[in-house]
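Scroll down for the structure; my scribbles are underneath it.
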Amino acid sequence: AMTLALPAMAQDAGDAAKGEKEFKKCKACHMVQAPDGTDVVKGGKTGPNLYGVVGRQAGSAPDFKYSEFLIAAGAAGAIWDEAMITAYVADPTVWLKDKTGNDAAKSAMSFKLKDGANVAAYLATMKPAQ
């Protein structure tokens, strides 16, 4: 019997429609607001606005005060993509320690999302139309 080997990326790709539902867990702390001020998802301001997060340097959303560790991760070249968001939300503090090489690194985000691939796929749709 022949088995079909799927590329790892296809297997890990999230479902944006499912992610939209799962994002309800995230909106207690995060809003998704377009640059013109339109609320795509009304949410909290504890965390940064997640509009356009995919492709953005970590720790660089305007008008948000990030931890020194997230800023350091961004300065070291961390650019959010779906895989990185999925890894980050699984355990933000472990991710930061890994990215910064600093064992004292701690994330302000205490929430952990075991399987964030769907939310990452949903966030990837939160950008201006091309």
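Tabulated values for the structure
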| item | result |
| --- | --- |
| Label-point separation in nm, residue 67 to residue 125, each point 7 Å along Cα→Cβ | 3.1 |
| Rg over Rh, two decimals, region 80-130 (C-alpha only, Kirkwood Rh) | 1.05 |
| For region 39-80: span of alpha carbons on each principal axis (Å, largest first) | 31, 19, 11 |
| For region 37-115, accessible area per residue (1.4 Å probe, heavy atoms of protein chains only), Å² | 58 |
| In nm, spacing of pseudo-spin labels at residue 40 and residue 27 (7 Å Cα→C-beta vector) | 1.3 |
| Quarter of the Cα convex hull surface for the chain, i.e. its orientation-mean projected area (nm²) | 9.7 |
| Sulfur and carbon atoms: percent of accessible area, region 28-83 [1.4 Å] | 55 |
| Among the listed pairs 65/106; 18/97; 42/99; 27/127; 21/114; 45/65, those beyond 19 Å (Cα-Cα) | 18/97; 42/99 |
| Approximate spin-label separation residue 106-residue 90, in nm, with each point projected 7 Å along Cα-to-Cβ | 2.4 |
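The values are calculated or read from the model by the stated rules, or taken from the named source; none is laboratory data. Small disclaimer: the values here were computed from a predicted structure and weren't measured. Glycine gets a Cβ as well: all are built from the backbone with ideal geometry, and neighbour counts include every protein chain shown. Please note that ligands, DNA and RNA were not included when accessible areas were found on the heavy atoms of the full protein model with its side chains. Shrake-Rupley method; radii C 1.70, N 1.55, O 1.52, S 1.80 Å.
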